[in-house]
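Trainee: I have a structure I would like to understand better, so I am pasting it below and will then ask my questions one at a time.
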């Protein structure tokens, strides 16, 4: 039993964080989606507007403190700060963080989602967009607890929810046509159960059919509030 206790306290986890280097961003993200490294890119602006719409419509919070977990280039953080939010971000990728806008860099932090360097209930809102599916199961469990710990009020996550057939596709194709870091793709109910509990309750889930070229991906927006 002592061995298991020490293993839990050590927080030594398998991690996909080593994957997000220049090859990942240039070959997968930049070329595949044809997005420039600029917060003024039309597709970046449209995505940020959608994220803010979901945040405000679900929680009725016009502004406040927000942490974006897995912020990559910090576009959403910059977008929010321009609109009066006290927004910060955290990401594991040196490559992405180094390419953030100069005026946004002071509000971005290097770190893992499974060990957030912030105090309890620091942020009114915590967002986590297209991140959790990139984590191994032990990273997921630790990340969920960390997000809940630093969140004062509301949590919003977005991720693909392909269902059980999709899980097999990820296993068979993750090192081929799909993003090789998609190691944990589950039905949306799986993610809702991870956050729902004594401290937070499940608020809403909205699923949208995505255009991934194969017709199997569903985009899930799932929200939670502190009890």
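Trainee: Taking the beta-carbon count within 10 Å as an exposure proxy, list 82, 198, 91 from fewest neighbours to most.
Mentor: The fewest-first ordering by Cβ neighbours comes to 198, 82, 91.
Trainee: When 60, 182, 134, 109 are ordered from fewest to most other Cβ atoms inside 10 Å of their Cβ, what list results?
Mentor: Result, fewest neighbours first: 60, 109, 182, 134.
Trainee: Another one. Among 129, 190, 76, rank each residue by its count of other Cβ atoms within 10 Å, from fewest to most, as a rough exposure measure.
Mentor: Least to most surrounded, the residues fall as 190, 129, 76.
Trainee: Moving to a separate point now. Could you work out the relative contact order of region 73-119? I mean the mean sequence separation of Cα pairs under 8 Å and 6+ apart, divided by the number of residues, in percent.
Mentor: 41 percent
Trainee: At 0.36 nm per residue, minus the direct Cα-Cα distance, what do residue 15 and residue 47 gain on full extension? Give it in nm, one decimal, please.
Mentor: Additional length available on full extension: 8.8 nm.
Trainee: Still on this model: Report the calculated FRET efficiency for residue 98 and residue 198 (r = Cβ-Cβ distance, R0 = 45 Å), to the nearest 0.05.
Mentor: With a Förster radius of 45 Å, E is 0.65.
Trainee: Related question: Report the label-to-label distance for residue 115 and residue 145 in nanometres (one decimal), using points 7 Å from each Cα along the Cα→Cβ vector.
Mentor: It works out to 1.4 nm between the two label points.
Each value in this text was obtained by applying a stated rule to the coordinates, not by laboratory testing. Bear in mind that the values here come from a model prediction, so they are computed numbers and not experimental data. Using ideal geometry, Cβ is built from the backbone for each residue, glycine included, and neighbour counts are taken over all protein chains shown.
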